[in-house]
Structure formats: structure tokens, C-alpha cells
Amino acid sequence: MAGPRSRTLVVPIFMGAATAFAVASMAPTTPDGHAQSPQTPAPSAECNEQTPLDFLIRGNWTLRPGMSAEERRARRALHDKAIRYRTERYGYFPGFGRPEWNPHPPAHYARTVTFFGLRTRLHERIVPAVRCAEAEIRLRCAAFAYQPRRLSGLRDRNTFRGGEVSNHVYGIALDVDPHLNTCCGCVAPWRDHPLCKRPVTSIFERMVMPECWVRAFQKFGFYWLGDDALQDTMHFEFLGDPDRIVRTP
Ligand SMILES: [Zn+2]
């Protein structure tokens, strides 16, 4: 925890295709890492609901045994498209895509943000989407008490293997309580968690974060890797259009 828990005023203006909020705090820190005052009002914002872009979803381009050569080619092309899209919008990570697509590394765009009183670093373009998710959680998930203890955002090292690049290197992925919300399809020690060992009827029994939180993130373009073969329940990644997060007048 860094400093007092911030207060967020959430005022629903209307519901429907878009959900509108007035968000009174949760402002990111300045680029040099100094936290803004919790009293600093953020501008009122209307949060667009959106779904992840298909070609950015991992499960749509990972290769599996038994796939035809044609399907493999199509999936590789989709993966290349996803790498170019992320490089152009979020930064160039060596080994994936080309520096001509973006001269800056993702860290160039990093901002420290506060989420439920915890600080982490994320890409500046997705900060409004995190604000929208927190506002939605505060509005709709009060009945499911949960206070995160640890967050993990931007990383300077790729934690994926096999030619894949983690969305953490682009600063568009956020892990919530990695020690409590399991990743039973990941390598050890993640898959050795006791919650991965017992039979369950729902993935939500392999985590402590409420399902309501997952639904709140999903509303604003985050893909939850609990839905992936990895069963990475701690992990949200913003796969929506960063230009559509907030409605502009
Ligand atoms: Zn993650």
C-alpha cells in the first residue's frame, strides 16, 4: 500500500451502450513518479463499453497440435498483425516487430497509477480503462468485499516462451494478487498452487478475486486470461481500442 486509500466518487449518469462516470480521483502520478494529491480531481469521463479485438486475443493465434498447414499460416499472420498493432500503439519491444513501427520502447509511455490504493506502472493509453474498471467495481461489486494486496503491471522482461510476447511488456496487462489468484495452466510454481489441485466446477473456485471484478474489467475492453487455456485468473489485458476508452463530446 502506498499512502492512504484514495476515495473515488462514482456518479452513474446513464446506462446502456456506454456507462458514464464522474471519477473524482484515481489520477495517475506524474511521469517522474510523484503521486498527485488524492484530492486532485480528475475530469469527468464517460466510459465506452467495448469488447476485445479478435486478432489480439491469444487463443485466436496460438498453435495447437493437429492444425492444418493452412490454419497455422493463418494464425501466424494474425499473430503478426497483433504484434504490429501493439508495437504501433504501445511501443517497440526487441525481438517482436520492427522499430520503424514505433521508435520508443513501451517504458517511454509508462505512468504510475493507483488502483484500489496500490500503485503500479502501466501504459499511459490504458490508464483511463483502469479508471473505468475501478469505478465500475466500486459501483457494482460492493457486496463482494475484496481488497487487493499486490499488483503487477509493466515489465521490462518477456515472461512468455515459444515466440510469444507478454502484454506485460507493453504495459497493457495487470495482474491482481498473483499469490492468491492462480494460473493453473502456467509453468511451475504457478500450477502447484493448492487451488489448482482440487476438482472444481468453475474457474472462479481457483481464485479469491470476486467474479464481479472480472465482469467489471471485461466491460471496458479487458480480456481476462482466466478464459484462456492458461487459466491465468490474476491477469487482465486491455485488448480494446485505446482510442475508444473514453467518450469525447
Ligand atoms: Zn499477467
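The values are calculated or read from the model by the stated rules, or taken from the named source; none is laboratory data. This one's a predicted model, so the numbers in the text were calculated from it and none came from an experiment. Every residue, glycine as well, gets a Cβ built from its backbone with ideal geometry; the counts of neighbours run over all protein chains shown.
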Checking R244, R155, R140 in turn, the sole residue that is over 17 Å from the mean Cα position of the chain (by Cα) and either crowded, with 16+ Cβ neighbours inside 10 Å or closer than 18 Å to L53 by Cα (or both) turns out to be R140
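Being without any contact (Cβ under 8 Å) to a residue 60 or more places away in the chain and of a type outside the set (D, E, K, R) is true for just one of G59, G153, G117. Which residue is that? Reasoning before the result, please.
Numbers: G59 fails: without any contact (Cβ under 8 Å) to a residue 60 or more places away in the chain; G117 fails: without any contact (Cβ under 8 Å) to a residue 60 or more places away in the chain.
One residue alone meets the criteria, G153.
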If we keep only residues of the stretch 146-161 that are within 20 Å of F220 (Cβ to Cβ) and out of contact with any Lys or Arg (no Cβ under 9 Å at 6 or more places or on another chain), then the residue nearest to the ligand (Cβ to nearest atom) is S152
Going through (1) free of Cβ contacts under 8 Å to residues at least 60 places away in the same chain; (2) surrounded by 15 or more Cβ atoms within 10 Å (Cβ to Cβ) one by one, R111 fails only at (1)
key: Test: residue in the stretch 159-168 that is exposed (fewer than 15 other Cβ atoms within 10 Å of the Cβ), within 15 Å of the chain's Cα centre (by Cα), among the basic types (K, R) and over 21 Å from V246 (Cβ atoms)   = no
Counting only residues in the stretch 180-191 that are more than 10 Å from the ligand (Cβ to nearest atom) and hydrophobic (A, V, I, L, M, F, W, C), the one nearest to R150 (Cα to Cα) is identified as L180
Residue pairs qualifying under the 6 Å Cβ cut-off, at least six apart or on distinct chains, with the first in the stretch 173-199 being under 23 Å from G59 (Cβ atoms) and touching a residue at least 12 places away in the same chain (Cβ under 8 Å) and the second being within 11 Å of the ligand (Cβ to nearest atom) and in a helix (DSSP H, G or I), are C183/W190
Of the residues in the stretch 201-230 that are touching a helix residue (DSSP H, G or I) at 6+ places or on another chain (Cβ under 6 Å) and within 23 Å of V187 (Cα to Cα), the one that is farthest from the ligand (Cβ to nearest atom) is F204
Condition set surrounded by fewer than 14 Cβ atoms within 10 Å (Cβ to Cβ) and modelled with pLDDT under 90, scope the stretch 182-197, selection nearest to A143 (Cα to Cα): answer is P189
The residue that is nearest to P210 (Cα to Cα), considering only those in the stretch 162-179 that are within 9 Å of the ligand (Cβ to nearest atom) and small (G, A, S), is A173
